[in-house]
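The next block holds one structure in the form of structure tokens; read it before the comments.
The values are calculated or read from the model by the stated rules, or taken from the named source; none is laboratory data. Only a predicted model underlies this, so the values are computations on that prediction, with no experimental measurement involved. Reconstructed Cβ throughout: ideal geometry from the backbone, glycine too, with neighbour counts over all protein chains shown. The protein model used for the area step is the full one, side chains on, heavy atoms only, and it has no ligands, DNA or RNA in it. Shrake-Rupley method; radii C 1.70, N 1.55, O 1.52, S 1.80 Å.
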Amino acid sequence: MTITPLMPVYPRCGVRPVRGEGAYLFGEDGQQYLDFASGIAVNALGHAHPHLTKAIAEQAATLMHVSNLYGSPQGEHLAQRLVDNTFADTVFFTNSGAEAVECAIKTARRYHFANGNPQRHTLITFDTAFHGRTLGAISATNQAKMRDGFEPLLPGFAYAKFNDLEGALALIDDNTAGFLVEPIQGEGGIRQASHEFLTGLRKACDEHGLLLVLDEVQCGYGRTGKFFAHELYGITPDIMAVAKGIGGGFPLGACLATEEAAKGMVAGTHGSTYGGNPLAMAAGEAILDVMLEDGFLENVTAMGDRLRQGLEQMIPNHDHLFDSVRGTGLMLGLKLKSDSRAFVAFARDNHNLLLVSAGENVVRILPPLVIDESHIAECIDKLSTAARVYVPAADD
Ligand SMILES: Cc1ncc(COP(=O)(O)O)c(C=O)c1O
């Protein structure tokens, strides 16, 4: 038998973390890494944050799980806090981002069904989008690498070019339910929606009775220095998928919606065994306690500005390799002139710096949101040292 016990769907690298502390990970072999990947934008408070670990430990010892057949004081409390701090009137808790996206898609379809327009089932989505790995979520992207071999996919999606407002509007027809879009594409290469594009989609939704569904799984929850990225645009969605930072490492996601958009989601239409269980809610509460403290989001903006400045100052010294910086807050991307995956591996294996590769040869820089200037200085130092000695392969 050659297959590994862990299904070999990930090209796993040699780093084998066994412990984490703040912005650092420690490998099985004792190596220490500066973690500017944060489990791909998950560990918002870094590793082993005392408030989060205490909340989880205490809740685990009190009540870990009950069925959603029972009343949920824990779920009601966290949902109310999210409602109080966002556009939303109602929340469905999930265990992952893909499930949050699934709930968002179902909510959008049910809205038009409830309005007597079941034919309005198609969401317009965008090239290089990433919404997760369920059949619904891979149907919502046109990226072949995620879809090949999994056909037949779900009907009900149309694909437009990201940041091409005219192209997206041209796809609207009698079957259109709305748009599903990431305000900042993560996996696609830290591609940020232009102001004109996102506000134009909102306007089109208002004019045509469509729903704006945002996927803020990666760009939401403080990552950009706002609680949610759409706040940067002065618009609100009708439905929004959230995950990653919401649990800070505990598997948690959420689908948020306005009362109007959620009008079709009545008893029996959706569910999840684990979704919103007391243990997950304790993690979610602990994250919010910290994130909504005065100054937390301002510090993300300040650290994001410092990190961007450091990256921009470094580029001219290594302009054979680095092209430009993208993104907002602590969701930054360094566009390379050669293969980003190879450089990420080099920085990891030779300089103990953890980053994530993305589309368009962009290196994603997604540190914990609690970093300070010393971590930024360390990251810039490691990056420039790596860049000084790195030689891209001839075919990169
Ligand atoms: C924008 C976006 N949507 C959805 C997902 C899927 O989330 P999960 O892997 O938790 O299912 C991701 C994961 O990276 C993401 O970045």
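Does segment 317-337 contain any residue that is farther than 20 Å from Thr224 by Cα and basic (Lys, Arg)?
Looking for residues that are farther than 20 Å from Thr224 by Cα and basic (Lys, Arg), one finds at least one in segment 317-337, hence yes.
So which strands (runs of 3 or more DSSP E) stay within segment 148-230 end to end and still have 1 or more residues that are touching a residue at least 60 places away in the same chain (Cβ under 8 Å) and more than 22 Å from the chain's Cα centre (by Cα)?
Because the criterion is at least 1 residues that are touching a residue at least 60 places away in the same chain (Cβ under 8 Å) and more than 22 Å from the chain's Cα centre (by Cα), the strands (runs of 3 or more DSSP E) in segment 148-230 that meet it are 176-181.
Of everything in segment 342-356, what is of a type in the set (A, V, I, L, M), touching a strand residue (DSSP E or B) at 6+ places or on another chain (Cβ under 6 Å) and surrounded by fewer than 21 Cβ atoms within 10 Å (Cβ to Cβ)? Give them in sequence order.
Matches in segment 342-356: none.
Just checking, which of Asn299, Asn350 is in contact with a Phe, Trp or Tyr (Cβ under 9 Å, 6 or more places away or on another chain) and at pLDDT 95 or above?
Asn350
Every residue in segment 88-105 that is charged (D, E, K, R) and either within 16 Å of the ligand (Cβ to nearest atom) or in contact with a His (Cβ under 6 Å, 6 or more places away or on another chain) (or both), please.
If the condition is that a residue be charged (D, E, K, R) and either within 16 Å of the ligand (Cβ to nearest atom) or in contact with a His (Cβ under 6 Å, 6 or more places away or on another chain) (or both), then Glu99, Glu102 are the ones that fit.
Residues being in a loop (DSSP other than H, G, I, E, B) and closer than 28 Å to Gly27 by Cβ: count how many of those fall in segment 319-353.
Here the count works out to 5.
Among the residues that make up segment 283-304, is at least one of them within 16 Å of the ligand (Cβ to nearest atom), assigned to a loop (DSSP other than H, G, I, E, B) and open to solvent by less than 10 Å² (accessible area, probe 1.4 Å)?
Checked against the condition, which is being within 16 Å of the ligand (Cβ to nearest atom), assigned to a loop (DSSP other than H, G, I, E, B) and open to solvent by less than 10 Å² (accessible area, probe 1.4 Å), segment 283-304 yields no hits at all.
Only one of these is within 30 Å of Ile190 (Cα to Cα), outside any loop (DSSP other than H, G, I, E, B), without any contact (Cβ under 8 Å) to a residue 40 or more places away in the chain and within 16 Å of the ligand (Cβ to nearest atom): Ala108, Ala137. Name it.
Ala137
When you look at Leu63, is it crowded, with 20+ Cβ neighbours inside 10 Å, of a type in the set (A, V, I, L, M, F, W, C) and touching a residue at least 40 places away in the same chain (Cβ under 8 Å), yes or no?
no
Please determine, by comparing only the residues of segment 111-134 that are surrounded by 22 or more Cβ atoms within 10 Å (Cβ to Cβ) and part of a helix (DSSP H, G or I), which one is nearest to the ligand (Cβ to nearest atom).
Step by step, filter segment 111-134, then rank; the result is Tyr111.
Looking only at segment 16-42, count every residue that is touching a residue at least 60 places away in the same chain (Cβ under 8 Å) and either surrounded by 13 or more Cβ atoms within 10 Å (Cβ to Cβ) or part of a helix (DSSP H, G or I) (or both) and tell me the total.
Result for segment 16-42: 14.
Among (1) part of a helix (DSSP H, G or I); (2) in contact (Cβ under 8 Å) with a residue 60 or more places away in the chain; (3) open to solvent by 10 Å² or more (accessible area, probe 1.4 Å), which single condition is Pro316 missing?
(2)
Search segment 175-198 for residues being more than 16 Å from the ligand (Cβ to nearest atom) and in contact with a Leu (Cβ under 9 Å, 6 or more places away or on another chain), and hand back the single one that is most open to solvent (accessible area, probe 1.4 Å).
Glu196
May I ask you to list pairs of residues, at least six apart or on different chains, whose Cβ atoms are under 7 Å apart, with the first in segment 83-101 being open to solvent by less than 30 Å² (accessible area, probe 1.4 Å) and the second being of a type in the set (Lys, Arg) and near the ligand (Cβ under 7 Å from one of its atoms)?
Sorted first by the residue in segment 83-101, then by its partner, the pairs are Gly97/Lys244; Ala98/Arg133.
What tally of residues in segment 239-269 results from selecting those that are assigned to a loop (DSSP other than H, G, I, E, B) and either open to solvent by less than 60 Å² (accessible area, probe 1.4 Å) or within 15 Å of the ligand (Cβ to nearest atom) (or both)?
Counting residues in segment 239-269 that are assigned to a loop (DSSP other than H, G, I, E, B) and either open to solvent by less than 60 Å² (accessible area, probe 1.4 Å) or within 15 Å of the ligand (Cβ to nearest atom) (or both) gives 11.
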